[in-house]
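The values are calculated or read from the model by the stated rules, or taken from the named source; none is laboratory data. Worth saying up front: this structure is predicted, and the values here are computed from it rather than measured. Counting neighbours? That spans all protein chains shown, and the Cβs are built from the backbone with ideal geometry, glycine included. Side chains included, ligands, DNA and RNA excluded: accessible areas come from the protein's heavy atoms. Shrake-Rupley method; radii C 1.70, N 1.55, O 1.52, S 1.80 Å.
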Amino acid sequence: MSNAAVLEGVLERITYANEENGYTVARVDTGRGSGELLTVVGSLLGAQPGESLRMEGRWGSHPQYGKQFTVENYTTVLPATVQGIRRYLGSGLIKGIGPRIAERIVDHFGIDTLDVIEQRPDRLIEVPGLGPKRTRLIGAAWEEQKAIKEVMVFLQGVGVSTSIAVRIYKKYEDASISVVKNQPYRLAADVWGIGFLTADKIAQAVGIPHDSPERVKAGLQYALSQSTDRGHCFLPEEQLIADAVKLLQVDTGLVIECLSELAGEEEGVVREQVPAPDGGDTPLTAVYLVPFHRAELSLSGQLRRLLRAEEDRMPAFQDVAWDKALDWLASRTGAQLALEQQSAVELALTSKVAVLTGGPGCGKSFTVRSIVELARAKRAKVVLAAPTGRAAKRLAELTGAEASTVHRLLELKPGGDAAYDRERPLDADLVVVDEASMLDLLLANKLVKAVAPGAHLLLVGDVDQLPSVGAGEVLRDLLADGGPVPSVRLTQIFRQAQQSGVVTNAHRINSGKQPVTTGLADFFLFVQDDTEEAGRLTVDVAARRIPAKFGLDPRRDVQVLAPMHRGPAGAGTLNGLLQQAITPARPDLPEKRFGGRVFRVGDKVTQIRNNYEKGQNGVFNGTVGVVTSLSVDDQRLTVLTDEDEEVPYDFDELDELAHAYAVTIHRSQGSEYPAVVIPVTTGAWMMLQRNLLYTAVTRAKKLVVLVGSRKAIGQAVRTVSAGRRFTALDSRLAVPVSVPAC
């Protein structure tokens, strides 16, 4: 490659942009009159088509694409020609101006267009079709993008992506550059999408020392935060110190010193002795992030408070004649309850807190319906909820009563506070929560706090499924031996369910036996040992073969569930292939490219973070929906969620959305689909375990198709999940605790 050079040209189009690292491939017109466009590659954060760029970098040659210029730094010059201005404005730079409106504005003001928007935006009202409202929006958007540009130019040197620069600006506005320069580790806590690693890179660039206590404390909190993402509520002190030394590359002594300081700070961490998870004699020094410690103490205390409550909001069931009640129930439902189910009904209606667990086909749903029928017969106020929109809909269909998500039930507000809590409990005599294996520690704490003393709480779920995506193993901890919460486990598979290959194979997998994959009408295996070929075959089965054979809609009824996100048969790759097959590009279909993804009307998408600001009561990690509209002019698309709510997303928020034609098995918890297709390949070897495959199979109502190798399926069935999560809820429940006011 030759020495440094300077290239000037007009950015014609961006052919590829990686939002994670800012790497861009673009075509520029150098104005030499030949009409040929030149390829430039490198970091072109924030550059827009139509802008004149002065790029510093080096010339080189690509074996496939020929001569190209690698950009190391660039500055922008506003376009000077009418054609350039038109392209610049129509590029999606400013919300409210798309190609058509850009055309009208430039036709009216010509070469003075940018000066008008900058100096006299009120004059835009002269343009036909632009009302006062849109004129004001355009003026405000222009000012905002100028400010964002300044932040982006500053951040460009430290490799921060465009979308994150926009978020930093939205969080801190005029203080953005000051915060980034002076308190870069704040970014990791304040701005979604910036973890410690990005903040650390920025901190190094602005000169914060490698062994600064500020850096070490931020690294310790990051290591704990990473562990909560893996499901742990705390880390043993020794493990945390070892993780931090490896992450930060500093002396162990410095980490120990900073951990002690952090434990003394109000918003730092909490150190506490807890019993050893394996039942050993030596207690463990656990280190918690403050919210998780508070939630664990609070949840155990609140559960004991409910169990001890003297009042009873359903007193009629303490001396009911159960024979008569169950006969009346059978006349209502048309079916007798099995003995296990009768025990569950009695328990839920007489105990203040109870757990009902069991696998598919064992009658959990019918038992819940029976409990609700009897409670209603005694005029009890029953409230039904589930962690996901789909599960809530299913609960409503089953019981004939209204059901909502837990988030909606509690009316969570921005910041995560709930409208209902100890001071303002839910007006309910019986609260039933389905798919309780999905309840993480923080959500379970909010829920239990909102149950009134004397009310009954019934948690229903399959404890053999994967634990919650968030930290904790709440359902498993409540079922721990010696705990105070009574429970019933349904084990009898009903005759009707025994006809189902999906149900019988789920139980086979759960007991460590290979699934039967021949001779069944609803459970199939397509053998393909090569991981890449298995990925392609998965797409063919989901998009073409199942719709053709079973008449199911590939978007609405068929869900691909992958053990992991990465790899040729991972959810990431499969989403791209499934989108091409189910929602391909069409000239009449608007689309928006964002990072490595393209969003189109009709796309199946999922929210990938909790956002309390969106929608009526927030939109939460795992919410699924379909893109129903997309406007390039307004830089916005709309998603109809599975809770039937229309939620708008500005284009700069699209990193909160991912495609959901394929999702990881972890993300599918609580959902149910007519048909599931599961690639089980040796490429996902490290992820293959029994509860993962069991969870995937139990997501299907009618049909399961496995695609992959027998060896990989054998590995999944044989491998019992290694190790429990670090949680002390079970030991806290085993001894009386005081209830903190948290």
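Just a few scattered comments:
- Whether the stretch 168-319 is rounded, prolate or oblate, judged on the alpha carbon gyration tensor where a/c under 1.5 counts as rounded: oblate
- Look at where the Cα atoms of the stretch 224-278 and of the stretch 447-463 average out, and the two centres are 32 Å apart.
- Stretch gain in nm, segment ASP115-TRP322, where the contour uses 0.36 nm per residue and the Cα spacing is subtracted: 66.3 nm
- Neighbourhood net charge (15 Å Cβ-Cβ; Lys/Arg +1, Asp/Glu -1) for VAL503: +3
- When you restrict to C-alpha pairs under 8 Å that are six or more residues apart and normalise by the size of the stretch 200-317, the relative contact order lands at 23 percent.
- Label-zone membership for the stretch 680-710, site SER365, 7 angstrom Cα→C-beta point, backbone N under 16 Å: 697-704
- Spin-label model distance (nm) - ALA419 vs ASP229, 7 Å beyond Cα toward Cβ: 3.3 nm
- Stretching GLU265 away from THR491 to a fully extended chain increases their span by 76.5 nm, per 0.36 nm per residue minus the current alpha-carbon distance.
- Per-residue packing, averaged as other Cβ atoms within 10 Å, sorts the ranges 176-183, 286-293 into the order 286-293, 176-183, beginning with the highest.
- In this simple spin-label approximation, ARG308 and GLU56 carry label points 7 Å from Cα along the Cα→Cβ vector, and these lie 6.9 nm apart.
- Subset of LYS413/LYS592; LYS133/LYS181; LYS446/LYS614; LYS133/LYS592; LYS170/LYS201; LYS393/LYS614 violating a 27 Å alpha-carbon distance limit: LYS413/LYS592; LYS133/LYS181
- Accessible area (Å², per residue) of the chain, counting only protein heavy atoms and a probe of 1.4 Å: 44 Å²
- In the assembled protein chains, SER631 presents an accessible area of approximately 40 Å² (probe radius 1.4 Å).
- A Cβ-based charge dipole, computed about the Cα centre of the stretch 165-295 with Lys and Arg at +1 and Asp and Glu at -1, lands at about 640 debye.
- Prolate/oblate/rounded label for the stretch 613-742 (Cα gyration tensor, a/c 1.5): oblate
- Normalised contact order of the chain, rounded percent, pairs of Cα under 8 Å and 6 or more residues apart: 11 percent
- Pairwise centroid distance, computed over Cα atoms, of the stretch 580-634 with the stretch 297-341, Å: 44 Å
- Packing, as the average of other Cβ atoms within 10 Å across residues, places the peptides 618-630, 526-538, 242-254, 352-364 in the order 352-364, 618-630, 526-538, 242-254, highest first.
- Bridge type composition, the chain - antiparallel percent by DSSP, nearest 5: 60 percent
- Segment VAL735-THR15, length gained on full extension (0.36 nm per residue, minus Cα span): 253.0 nm
- Apportionment of accessible area to carbon and sulfur, the chain, percent (1.4 Å): 49 percent
- Peptides 82-88, 267-273 ordered by packing proxy, namely the average of other Cβ atoms within 10 Å per residue, highest first: 82-88, 267-273.
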